[in-house]
Every structure is written in structure tokens, then in C-alpha cells.
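The values are calculated or read from the model by the stated rules, or taken from the named source; none is laboratory data. Only a predicted model underlies this, so the values are computations on that prediction, with no experimental measurement involved. When we count neighbours, we look across all protein chains shown, and the Cβ atoms used for this are built from the backbone with ideal geometry, even at glycine. Just the protein is used for accessible areas: all its heavy atoms, side chains included, with ligands, DNA and RNA removed. Shrake-Rupley method; radii C 1.70, N 1.55, O 1.52, S 1.80 Å.
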Amino acid sequence: MRTSPRSARTRSAAGAALAATALLLGLAAAPSAQAETGAKQHTRTLDDLARQSGRYFGSAVDNPELADTEYADLLGREFGSTTPGNAMKWYATEPQRGVFDFTAGDEIVDYARANGLKLRGHTLLWHSQLPDWLSSGTWTKDELRSILKNHITHVVKHYRGKVFAWDVANEIMNEDGTYRENIFYKTIGPGYIADALRWARAADPKVKLYLNDYNVDGLGAKSDAYYALIKQLKADRVPIDGFGLQGHLALQYGLPGGIKENLQRFADLGVDVAFTELDIRMILPADEAKLAQQADWYGQVTSACLAVKRCVGITVWGYSDRHSWIPAVFEGQGAALPWDENLQRKPAYDAIRAALLAAAKKD
Ligand code: 9MR
């Protein structure tokens, strides 16, 4: 049976109390395995610290990773939220037209429940990882609207009360701020975005509805386009609750400028903001200087979120270099996460913790 984070926390609090008693009695506390390896044991997790300011600290998880119990257990202890890496995407949830399969998604729901984690739903609509029947079909506007409505309605209803937020539409803009010409745009026109949001709201009146993308972390043409879109959606009274900044950063491209200002301008439109898929990759091999720069960036991104009231949380896209999408996609790059392949904390972990502590005030 998996230990719930609550009981793990209670146990570590009890352990700390015992250690304090031992000290009072002048007894030497037995060194823990962590102490022997020199790593400092913290009683409060990243999520504990984030919760001090009403936020969450999360990590994505993909179904095959659940079999890595060491990895899954640490995720369950350290984090307060999770996002399925793939399990709730269209190819997984509606592999044949009108035939829904929630097996993989439900597995993540069960894991989240067993570990006391909140769950972000990802994603109802994307140009990638669509089932073949959908992407290779030819559809009229009415047919595709009805397919999209049926998909959103079924998936959102199934996960009602189980996810607190949905990435309703993922990666719908190009770098220059024009609409991405995905199948929905080409067949339905830009109105598919408002449609999707309205159908999601109808299926679950309480879940937070997000738009989500990469390369929108700082100020620029792409984030400007989302700013204009969300402003318009608000003016049209289309339900929109949040903007997700994926945060897939790379040391070699520099830290995007104006992250805090960008978060704040969306917050000022009346939506929540969150980092939803944060990772900071580098050209391998990693060395001390790169890891220090990475740590600095993780700290800066965390602080930027903490400086904006409506920045509700941060999710890393996996927390350890043991399981990461990057090496398979960007050859020769990686080491993007705050824990290494052996699940040891990297300087990035310390920087995130320091930023959270500065906001939470005390440990
Ligand atoms: O982490 C996901 C990986 O396992 C998949 O192979 C990949 C397919 O494109 O998608 C990854 O997650 C993506 C996310 O859904 C949307 N933003 C970019 C993420 C990294 O590619």
C-alpha cells in the first residue's frame, strides 16, 4: 500500500519530535540514510511551502512511470498536484469515433487520490496526438463541431469533480501570434475556441478552464496574441478562467524577458495564471556552471509566480531527469529537471525551495 502524503508528513513530524526529545535528553540521534549521504533532510516539501501562500507545487506523471514505485512514491510525497503527461489526450480518451476509453486517465486519477494530489486535466483539444480517425478524416464544419462537442462533453463529464482545471485548448497560436492552422481552425474557424470553452463549462460548471501554450512565458508576439484573445473572450462573456504558461525553457536561448509583467497582465484581465509544464533544459553534458544557471532560472520563475497573486501554482513536466520527454525530442539536450536520474536533488531544487521559503517566510 502506498503511504499517503498526509501520513508521511505526520510521520516525519513525529520523527522530528522524537529527535528533539533525544536532543533534550542528550542522546545522539541515529543518522538517517539521507544524513549519511550528506543530503539535508527537509521536513517540509515544496508543496508544503507553496501551500503557505495558497499555491500548489506539482509534477506531471505519465502512466508507465507509475511502475517505477520509487519515482511515483517520491512524487506523491513531495508534490501537491499532478498532470497526466499523456493519459487524457484525445488519442487516449477517444481512440475510435464515439468510443471512449478512460483506462489510462482513471489510473492517474486513482494514483492522485491515493497520494492526496490535486489533478490538472490535460488536454481536451490539441493539434498533436489526435487519433487517426480524426486527423485523417475529411469533415464538414458541422461534423467537426459536433465531434468536438461530443469529445469535450464526454471527457469533461467523466472527470467532473476529479480534476480542478482543464487545459481546454493547447498550443493554438503560432510564434508570430497568428492562429495555428490546426484541423479545428481550418474546418471551423477561430470560433472553435469559444465553442470549446462553452462546451467545457456546460459539462462541468466548476472546473477551471485554461488556454495553455509554450513560448508565452515572457512578453512577446505570441503572449500578446493570447492577451488579446483572452481579453476578447472576457468581453464576449465566454468562460475562461486561466492561462497556462508551459515554461519549456532552454539555457541556450536565454531566460524570456518580462515573465512577472506577463503573468501580471493576464492576472489583470481577471484570469488565473500558472506554470503548467516547467522544465529548463541544457546542452549536455551538464556541468557545475550550467546547473547553477539552471538553478537561478528555476528560482526566478518560482519567484515571478509568487510575486503575482493570481499565479496559482507551478507544475514541473516530470520532476527528475530519469523520466523526461526532452532527450527523445532534442538530441543532445536534457538534465532539465530539479532532481537527477538517481532522484537526488540538484541545485535547482534548492533554488526553488529558497524562493518558496522567502515567500513562506520561515521553515
Ligand atoms: O510529455 C509528453 C510526451 O510523453 C509525449 O511523447 C509528447 C508528445 O508530443 O507530449 C509530451 O507532452 C507535451 C504536452 O502534452 C504539451 N506541451 C509539450 C509537452 C512536451 O512535448
Discussion item. Given (1) away from the ligand (no atom under 15 Å from the Cβ); (2) outside any loop (DSSP other than H, G, I, E, B); (3) free of Cβ contacts under 8 Å to residues at least 60 places away in the same chain; (4) in contact with a helix residue (DSSP H, G or I) (Cβ under 9 Å, 6 or more places away or on another chain), identify the lone condition not met by residue 196.
Written reply: (3)
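Please enumerate the residues belonging to region 242-254 that are more than 12 Å from the ligand (Cβ to nearest atom) and touching a strand residue (DSSP E or B) at 6+ places or on another chain (Cβ under 7 Å).
Applying the first criterion (more than 12 Å from the ligand (Cβ to nearest atom)) to region 242-254 yields 242-243, 249-254.
Correct list: 242, 243, 249, 250, 251, 252.
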Worksheet item: With region 269-363 as the region, which helices (runs of 4 or more DSSP H) entirely inside it contain at least 1 residues that are modelled with pLDDT under 95?
Response: 347-360
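If you go through region 76-95 one residue at a time, do you hit one that is on the phi > 0 side of the Ramachandran plot and either more than 16 Å from the ligand (Cβ to nearest atom) or open to solvent by 20 Å² or more (accessible area, probe 1.4 Å) (or both)?
In the first step, residues of region 76-95 are kept if they are on the phi > 0 side of the Ramachandran plot; the result is none.
For region 76-95, residues on the phi > 0 side of the Ramachandran plot and either more than 16 Å from the ligand (Cβ to nearest atom) or open to solvent by 20 Å² or more (accessible area, probe 1.4 Å) (or both): absent.
Counting only residues that are farther than 25 Å from residue 224 by Cβ and buried (at least 18 other Cβ atoms within 10 Å of the Cβ), how many does region 184-207 have?
Counting residues in region 184-207 that are farther than 25 Å from residue 224 by Cβ and buried (at least 18 other Cβ atoms within 10 Å of the Cβ) gives 6.
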Worksheet item: How many of the residues in region 96-109 are open to solvent by less than 30 Å² (accessible area, probe 1.4 Å) and within 16 Å of the ligand (Cβ to nearest atom)?
Response: 2
Worksheet item: Restricting the search to region 149-186, which residues are touching a strand residue (DSSP E or B) at 6+ places or on another chain (Cβ under 7 Å), aliphatic (A, V, I, L, M) and not in a loop (DSSP other than H, G, I, E, B)?
Response: 152, 155, 156, 165, 168, 169, 173
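Could you grab me the full set of residues in region 161-182 that are in contact with a helix residue (DSSP H, G or I) (Cβ under 7 Å, 6 or more places away or on another chain) and open to solvent by 10 Å² or more (accessible area, probe 1.4 Å)? Steps first, answer last, please.
Taking region 161-182 first, the residues in contact with a helix residue (DSSP H, G or I) (Cβ under 7 Å, 6 or more places away or on another chain) are 162, 166, 168-169, 172-173, 175-177, 179.
Answer for region 161-182, where residues must be in contact with a helix residue (DSSP H, G or I) (Cβ under 7 Å, 6 or more places away or on another chain) and open to solvent by 10 Å² or more (accessible area, probe 1.4 Å): 162, 175, 176, 177, 179.
Does residue 190 meet the test of being closer than 30 Å to residue 50 by Cβ, in a loop (DSSP other than H, G, I, E, B) and without any contact (Cβ under 8 Å) to a residue 24 or more places away in the chain? Reasoning before the result, please.
Values: closer than 30 Å to residue 50 by Cβ: no; in a loop (DSSP other than H, G, I, E, B): yes; without any contact (Cβ under 8 Å) to a residue 24 or more places away in the chain: yes.
It is false that residue 190 is closer than 30 Å to residue 50 by Cβ, in a loop (DSSP other than H, G, I, E, B) and without any contact (Cβ under 8 Å) to a residue 24 or more places away in the chain.
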Worksheet, complete the sentence: Conditions (1) in contact (Cβ under 8 Å) with a residue 24 or more places away in the chain; (2) in a helix (DSSP H, G or I) -> residue 146 fails only (1)
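Among the residues of region 131-138, is any among the aliphatic types (A, V, I, L, M), free of Cβ contacts under 8 Å to residues at least 60 places away in the same chain and either farther than 17 Å from residue 316 by Cβ or assigned to a helix (DSSP H, G or I) (or both)? Give the steps one after another, and end with the answer.
Here is the first cut: in region 131-138, the ones among the aliphatic types (A, V, I, L, M) are 134.
Then keep just the ones that are free of Cβ contacts under 8 Å to residues at least 60 places away in the same chain; that gives 134.
If we keep only those that are either farther than 17 Å from residue 316 by Cβ or assigned to a helix (DSSP H, G or I) (or both) as well, we get 134.
Yes.
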Fill in: Scan of region 306-363 for residues that are more than 16 Å from the ligand (Cβ to nearest atom), out of contact with any Ser or Thr (no Cβ under 9 Å at 6 or more places or on another chain) and open to solvent by less than 10 Å² (accessible area, probe 1.4 Å), ordered by number
308, 311, 348, 349
Item to complete: List the number of the failed condition for residue 230; all other conditions in (1) more than 16 Å from the ligand (Cβ to nearest atom); (2) of a type outside the set (Lys, Arg); (3) farther than 21 Å from residue 307 by Cβ hold.
Response: (3)
